[in-house]
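Heads up: the structure comes next, in structure tokens.
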Amino acid sequence: SAVISQKPSRDICQRGTSLTIQCQVDSQVTMMFWYRQQPGQSLTLIATANQGSEATYESGFVIDKFPISRPNLTFSTLTVSNMSPEDSSIYLCSVEPPGFGAGGPDEQFFGPGTRLTVL
Amino acid sequence: QQPVQSPQAVILREGEDAVINCSSSKALYSVHWYRQKHGEAPVFLMILLKGGEQKGHDKISASFNEKKQQSSLYLTASQLSYSGTYFCGTEIGTDKLIFGTGTRLQVFP
């Protein structure tokens, strides 16, 4: 399994500011994923972060708004830039640990999430 | 592109059964199921692979109809701990998941 921590757990921010969310994993993983979950809604994939390469963003999400860093195999950050109230959401990171299972798709482990409120 | 789940919500008494369906407009190669309790992270339940292989939970079963691009999750003899929101997930790329619309399940004593 993988244990994931996120910081901060929650924050209240003013519009126009930026917040950086940290995701730390207790083991080395190739891919980390960042999701957004608005209240009462499903999870939406923002981007995939591979160590040593640029993050890959899903449709509707851009690097200028959600820059991601992946400096090593256990850590990633997501920045929510120039925030507006529409960015109020829970942001989660997840990983699929390598070698978990006998090949093919495997379970993802999720961090506890960062609850962001933008005023 | 997002898988559609039905029903949107289910209310059960302990011991009752429930079925949650997940339907995709695209071909499915695998289906993941997760449960998320309020205020917590999603937790893995099961993966169903094309060809019939399953990996996951001992007490929860699921089916995968590749032709119909559907999957169903079967919760039998429900317990209070089954309460939460259930999401199916389908792969859109290497290890990338798109999650379904969600089904909220509440089990009462």
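Answer yes or no: is there a residue in region B:7-22 that is under 21 Å from A:S94 (Cα atoms) and within 14 Å of the chain's Cα centre (by Cα).
No, region B:7-22 has no match at all.
Taking first residues from region A:29-44 that are within 10 Å of chain B (Cβ to nearest Cβ) and partners that are polar (S, T, N, Q), the Cβ contacts under 6 Å between residues at least 6 apart in sequence or on separate chains come to A:M31/A:T48; A:M31/A:N50; A:F33/A:T48; A:F33/A:S94; A:S42/B:T101; A:L43/A:Q37.
Yes or no, residue by residue, for (1) in contact with a Gly (Cβ under 9 Å, 6 or more places away or on another chain); (2) of a type outside the set (A, V, I, L, M):
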{"position": "B:P7", "(1), (2)": "no, yes"}
{"position": "B:L12", "(1), (2)": "no, no"}
{"position": "B:E16", "(1), (2)": "no, yes"}
{"position": "B:S30", "(1), (2)": "yes, yes"}
{"position": "B:Q36", "(1), (2)": "yes, yes"}
{"position": "B:G39", "(1), (2)": "yes, yes"}
{"position": "B:Q69", "(1), (2)": "no, yes"}
{"position": "B:S81", "(1), (2)": "no, yes"}
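Select from region A:75-111 the residues that are part of a loop (DSSP other than H, G, I, E, B) and at pLDDT 95 or above and write down the one among them that is surrounded by the most Cβ atoms within 10 Å (Cβ to Cβ). Of everything passing the filter in region A:75-111, A:G111 is surrounded by the most Cβ atoms within 10 Å (Cβ to Cβ).
For (1) surrounded by 13 or more Cβ atoms within 10 Å (Cβ to Cβ); (2) within 8 Å of chain A (Cβ to nearest Cβ), each residue gets a yes or a no:
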site: B:Y74; (1), (2): no, no
site: B:S78; (1), (2): yes, no
site: B:S81; (1), (2): no, no
site: B:G84; (1), (2): yes, no
site: B:F87; (1), (2): yes, yes
site: B:T90; (1), (2): yes, no
site: B:K96; (1), (2): yes, yes
site: B:T101; (1), (2): yes, yes
site: B:V107; (1), (2): yes, no
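Whether a residue is within 10 Å of chain B (Cβ to nearest Cβ) and of a type in the set (G, A, S) was assessed, and A:G52 does not pass this test.
Scanning region B:1-25 for residues that are among the acidic types (D, E) and under 25 Å from B:E66 (Cα atoms) yields a total of 1.
Of a type in the set (K, R), over 30 Å from A:T114 (Cβ atoms) and in contact (Cβ under 8 Å) with a residue 60 or more places away in the chain - does that describe any residue in region B:2-19? Write out each step before concluding.
Residues of region B:2-19 that are of a type in the set (K, R), as a first pass: B:13.
Going one step further and asking which of them are over 30 Å from A:T114 (Cβ atoms), we end up with B:13.
If we keep only those that are in contact (Cβ under 8 Å) with a residue 60 or more places away in the chain too, we end up with B:13.
There is at least one residue in region B:2-19 that is of a type in the set (K, R), over 30 Å from A:T114 (Cβ atoms) and in contact (Cβ under 8 Å) with a residue 60 or more places away in the chain.
Going through (1) modelled with pLDDT of 90 or more; (2) more than 11 Å from every other protein chain (Cβ to nearest Cβ); (3) open to solvent by 60 Å² or more (accessible area, probe 1.4 Å); (4) over 21 Å from A:S94 (Cα atoms) one by one, B:K37 falls short only on (4). Taking chain B as the region of interest, the strands (runs of 3 or more DSSP E) fully inside it that hold 2 or more residues being small (G, A, S) are B:18-23, B:61-65, B:70-75, B:84-93.
The values are calculated or read from the model by the stated rules, or taken from the named source; none is laboratory data. On a predicted model such as this, the values are computed, not experimentally measured, just so you know. Glycine also receives a Cβ, built like all others from the backbone with ideal geometry; neighbour counts cover every protein chain displayed. Quick note on the areas: whole protein, heavy atoms, side chains included, nothing else; ligands and nucleic acids left out. Shrake-Rupley method; radii C 1.70, N 1.55, O 1.52, S 1.80 Å.
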